[in-house]
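Q: If you scroll down you'll find the structure; I have some questions about it.
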Amino acid sequence: MIPQIQPWIDDDEWQQVKQVIESTYLTENKVTEKFETDISLLTGAKHAIAVFNGTVALYCILKALNIGHGDEVIVPNLTFVASSNAVIMAGAKPIFCPVKTDTLCIDVKAAETLINDQTKAIMPVHLYGQSADMEAVMTLAENFGLKVIEDAAQAIGVEFNGQHVGYYGDGGAISFYGNKTITCGEGGIILTESDSIAEVCRRLKNHGRSRRGTFVHEHIGFNFSMTEMQAAIGVAQLQKLPAIIKRKQQIYDAYMTGFADLPQLEPLFIDPRCQPVHWFTSFYAENRVELANYLRNQGIQTRIFFCPLHLQPCYEGWADPDVDFSVSTSAYERGISLPSSYILTDEELNFIIAQVHEFYKSAH
Ligand SMILES: Cc1ncc(COP(=O)(O)O)c(C=O)c1O
């Protein structure tokens, strides 16, 4: 089976992890600090704070912004469920917002209609490797006094108007889960320009204390630290990031050229202000279910789009029945992501393109 996504892991990661294990210092220390510094340099964010996954990164930012019980946070309806679950974890209520037909990111005009006295923040999600319209998000936030928490879980390397996403607003979270552009196995980074948000986040992840080695805790906190093994993998992966981004662009270009004559496949629109990273190459496809089944039988794994929040069994009854979620429902019904890993070979890529043609030629 050609996997839809697979990380590029080799001796580089092994050597970094081996050094950590040989040092016997496995909990967060110097390698994690290096990982944070490397991410700061890459993104340009003043603070990059490592935590054990992207979900707790979102949670920490929400708590640092004092968002909790009685507050509402506007979240796009088409996202991985962790975006809204982090809001619930912080004690607040996620309000599902329609997404735009072209980019599938948050529809800021629709978001404006959802604002009320309880609304404290908006959480744009940079979906499938491109950016939400951060100009529109920031203008809305300024006009209504909202905090902005960017869910940049899928968006390492992604820029909007020449700046890396994740710190346009108050703070943002990147994930290093196994399927992301680069991975630590599990891992997350908080990005922020704010010294005070950074300080609270560092405390929150370290049992409420500002430094290790003390057992007097001024604040209530938890343990969200990364391990040195995760950071070691991350340091090696960061070295590979430029090559991964380049290869993903080649894969994207090959699919675009290969399917240019297929009206049954419609690529997602890329906002010209965005410098995307094609984490996944995705399309709206005619006969999506049959196409996915056909490709599976040819040994090609694909992935459908996220199930929108208003259709999630765990959120039954949550969505406002008067809000129009047809864009996310339609994306869920028609969206397909094709194999997009760095390690995909040209032969595999050509085979996939040929098989998609074969599918539409034969029966559809
Ligand atoms: C959009 C989005 N938000 C949040 C997360 C949560 O990140 P993590 O799995 O690192 O907790 C993910 C992915 O995993 C994601 O894709």
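The values are calculated or read from the model by the stated rules, or taken from the named source; none is laboratory data. Note that the structure is predicted; figures quoted are calculated from it, not measured. With ideal geometry, Cβ positions are generated from the backbone for all residues, glycine too; neighbour counts draw on all protein chains shown.
Q: Looking at residue 283, is it surrounded by 15 or more Cβ atoms within 10 Å (Cβ to Cβ), under 27 Å from residue 156 (Cβ atoms) and under 26 Å from the mean Cα position of the chain (by Cα)? Before you say what the answer is, go through the steps one by one.
A: On the way: surrounded by 15 or more Cβ atoms within 10 Å (Cβ to Cβ): yes; under 27 Å from residue 156 (Cβ atoms): yes; under 26 Å from the mean Cα position of the chain (by Cα): yes.
Here the answer is yes, as residue 283 does meet what is asked.
Q: Next up: So for the stretch 121-130 (the condition being outside the structural domain of residue 281 (by TED's automatic domain parsing), more than 16 Å from the ligand (Cβ to nearest atom), in contact with a Cys (Cβ under 9 Å, 6 or more places away or on another chain) and within 16 Å of residue 169 (Cβ to Cβ)), does at least one residue qualify?
A: Just the residues of the stretch 121-130 that are outside the structural domain of residue 281 (by TED's automatic domain parsing), to begin with: 121-130.
From what's left, more than 16 Å from the ligand (Cβ to nearest atom): none.
No, the stretch 121-130 contains no residue that is outside the structural domain of residue 281 (by TED's automatic domain parsing), more than 16 Å from the ligand (Cβ to nearest atom), in contact with a Cys (Cβ under 9 Å, 6 or more places away or on another chain) and within 16 Å of residue 169 (Cβ to Cβ).
Q: Determine, yes or no, whether residue 89 is out of contact with any strand residue (DSSP E or B) (no Cβ under 8 Å at 6 or more places or on another chain), closer than 25 Å to residue 204 by Cα and within 13 Å of the ligand (Cβ to nearest atom).
A: Considered against the rule, which asks whether it is out of contact with any strand residue (DSSP E or B) (no Cβ under 8 Å at 6 or more places or on another chain), closer than 25 Å to residue 204 by Cα and within 13 Å of the ligand (Cβ to nearest atom), residue 89 comes out as yes.
Q: Follow-up question, since we're still on this one. Residue 225: more than 12 Å from the ligand (Cβ to nearest atom), of a type in the set (S, T, N, Q), in a loop (DSSP other than H, G, I, E, B) and under 23 Å from the mean Cα position of the chain (by Cα), yes or no? Walk me through it before giving the result.
A: Working: more than 12 Å from the ligand (Cβ to nearest atom): yes; of a type in the set (S, T, N, Q): yes; in a loop (DSSP other than H, G, I, E, B): yes; under 23 Å from the mean Cα position of the chain (by Cα): yes.
In short, yes.
Q: Scan the stretch 304-351 for residues that are assigned to a helix (DSSP H, G or I), of a type in the set (Gly, Ala, Ser), more than 18 Å from residue 292 (Cβ to Cβ) and over 19 Å from the mean Cα position of the chain (by Cα) and jot them down. Please lay out each step first, then the result.
A: Here is the first cut: in the stretch 304-351, the residues assigned to a helix (DSSP H, G or I) are 309-311, 313-315, 326-334, 346-351.
Add one more test, that the residue is of a type in the set (Gly, Ala, Ser), and what stays is 326, 328, 330-331.
Those left that are additionally more than 18 Å from residue 292 (Cβ to Cβ): 326, 328.
Within the stretch 304-351, 326 is the sole residue that qualifies.
Q: Turning to a different aspect of this structure: For the stretch 161-196, which residues satisfy the criterion of being closer than 19 Å to residue 56 by Cβ, in contact with a His (Cβ under 8 Å, 6 or more places away or on another chain) and more than 16 Å from the ligand (Cβ to nearest atom)?
A: Matches in the stretch 161-196: 192, 194.
Q: Take the residues of the stretch 216-248 that are charged (D, E, K, R) and under 23 Å from residue 52 (Cα atoms): which is modelled with the lowest pLDDT?
A: Within the stretch 216-248, the first condition is being charged (D, E, K, R), and the residues that meet it are 218, 228, 240, 246-248.
Checking the rest, the ones that are also under 23 Å from residue 52 (Cα atoms) come to 218, 228, 240.
Numbers: 218: 87, 228: 98, 240: 98.
Among those residues, the one meeting the criterion is 218.
Q: Follow-up question, since we're still on this one. Of 158, 137, which residue is within 16 Å of the ligand (Cβ to nearest atom), in contact with a helix residue (DSSP H, G or I) (Cβ under 7 Å, 6 or more places away or on another chain) and over 23 Å from residue 341 (Cα atoms)?
A: Working: 158 fails: over 23 Å from residue 341 (Cα atoms).
Answer to the check: 137.
Q: Does residue 99 qualify as being closer than 21 Å to residue 135 by Cα and either within 14 Å of the ligand (Cβ to nearest atom) or not assigned by TED's automatic domain parsing to the domain that holds residue 276 (or both)?
A: Yes: the conditions hold for residue 99.
Q: Which residues, taken from the stretch 306-364, are of a type in the set (Asp, Glu), under 29 Å from residue 183 (Cα atoms) and surrounded by 12 or more Cβ atoms within 10 Å (Cβ to Cβ)?
A: Let us first name the residues in the stretch 306-364 that are of a type in the set (Asp, Glu), namely 316, 320, 322, 324, 333, 346-348, 358.
Filter once more, keeping what is under 29 Å from residue 183 (Cα atoms): 333, 346-348.
Within the stretch 306-364, 333, 348 meet the criteria.
Q: Within the set of pairs 6 or more residues apart or between chains, which connect a residue that is in the same structural domain as residue 227 (by TED's automatic domain parsing) and without any contact (Cβ under 8 Å) to a residue 12 or more places away in the chain inside the stretch 184-200 to a residue that is assigned to a loop (DSSP other than H, G, I, E, B) and more than 16 Å from the ligand (Cβ to nearest atom) with Cβ atoms less than 9 Å apart?
A: 199/210
Q: Quick one: how many residues across the stretch 227-264 are acidic (Asp, Glu) and more than 19 Å from residue 343 (Cα to Cα)?
A: Here is the first cut: in the stretch 227-264, the ones acidic (Asp, Glu) are 228, 253, 261.
Okay, now just the ones that are also more than 19 Å from residue 343 (Cα to Cα), so 228, 261.
So the answer is 2.
Q: Would you mind stating whether residue 283 is outside any strand (DSSP E or B) and either hydrophobic (A, V, I, L, M, F, W, C) or touching a residue at least 12 places away in the same chain (Cβ under 8 Å) (or both)? Spell out how you get there, then give the answer.
A: Working: outside any strand (DSSP E or B): no; either hydrophobic (A, V, I, L, M, F, W, C) or touching a residue at least 12 places away in the same chain (Cβ under 8 Å) (or both): yes.
Taking the combined requirement at face value, the residue does not satisfy it.
Q: Of all helices (runs of 4 or more DSSP H) completely enclosed by the stretch 4-82, which ones contain at least 3 residues that are surrounded by fewer than 23 Cβ atoms within 10 Å (Cβ to Cβ)? Break it down into steps so the answer makes sense when it comes.
A: Values: elements: 11-23, 30-43, 54-64.
Because the criterion is at least 3 residues that are surrounded by fewer than 23 Cβ atoms within 10 Å (Cβ to Cβ), the helices (runs of 4 or more DSSP H) in the stretch 4-82 that meet it are 11-23, 30-43.
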